Amino acid sequence: MLKVGDIVEAKYQGSFNEFYKGQIVGVQEGTIVDVLYSDGEIDKGLDQSHVKGFVPYYEGESIEVKRSAD
């Protein structure tokens with residue numbers, strides 16, 4: 001069960017295909033959560049079916065980085 005303070009990955013607004021890193025900042029009714037993403041956006045009232053626990057990266061793992069245009 002998710003709790004306040006958990007580091008997670010969540011689908012923004014429950015409708016994006018990609019998961020974004022964030023932290024649980026609120027839990028309502030056990031299955032509805034509020035997520036504060038690492039970029040400062042907040043998602044309120046997100047069903048926990050769109051959230052998964054964050055698994056830390058391991059050394060040497062290949063990751064994808066997206067940058068905004070300067």
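The values are calculated or read from the model by the stated rules, or taken from the named source; none is laboratory data. Computed from a prediction, not measured in an experiment: that's the story for all the values here. Glycine also receives a Cβ, built like all others from the backbone with ideal geometry; neighbour counts cover every protein chain displayed. Surface accessibility is based on the protein's heavy atoms, side chains included, excluding ligands, DNA and RNA. Shrake-Rupley method; radii C 1.70, N 1.55, O 1.52, S 1.80 Å.
Points to keep in mind about this one:
- The set of residues in region 2-17 that are over 8 Å from the mean Cα position of the chain (by Cα), open to solvent by 40 Å² or more (accessible area, probe 1.4 Å) and closer than 11 Å to V51 by Cα contains only Q13.
- Matching entry among K66, K52 (being open to solvent by 80 Å² or more (accessible area, probe 1.4 Å) and assigned to a strand (DSSP E or B)): K52
- Among the residues of region 46-67, the one identified as in contact with a strand residue (DSSP E or B) (Cβ under 6 Å, 6 or more places away or on another chain) and of a type in the set (K, R) is K52.
- Close Cβ contacts (under 9 Å, 6 or more residues apart or on different chains) running from residues in region 16-41 that are polar (S, T, N, Q) to residues that are open to solvent by less than 40 Å² (accessible area, probe 1.4 Å) comprise Q23/G5; Q23/D6; Q23/V8; Q23/V35; Q23/Y37; Q28/D34; T31/L2; S38/G22.
- Here the condition is being surrounded by 14 or more Cβ atoms within 10 Å (Cβ to Cβ) and of a type in the set (G, A, S); of G22, G45, G40, it holds for G22 alone.
- Criterion: within 23 Å of I63 (Cβ to Cβ), part of a strand (DSSP E or B) and β-branched (V, I, T) - qualifying residue of V33, V8, V25: V8
- Scanning region 25-37 for residues that are out of contact with any Gly (no Cβ under 6 Å at 6 or more places or on another chain) and open to solvent by 50 Å² or more (accessible area, probe 1.4 Å) yields V25, V27, Q28, E29, T31.
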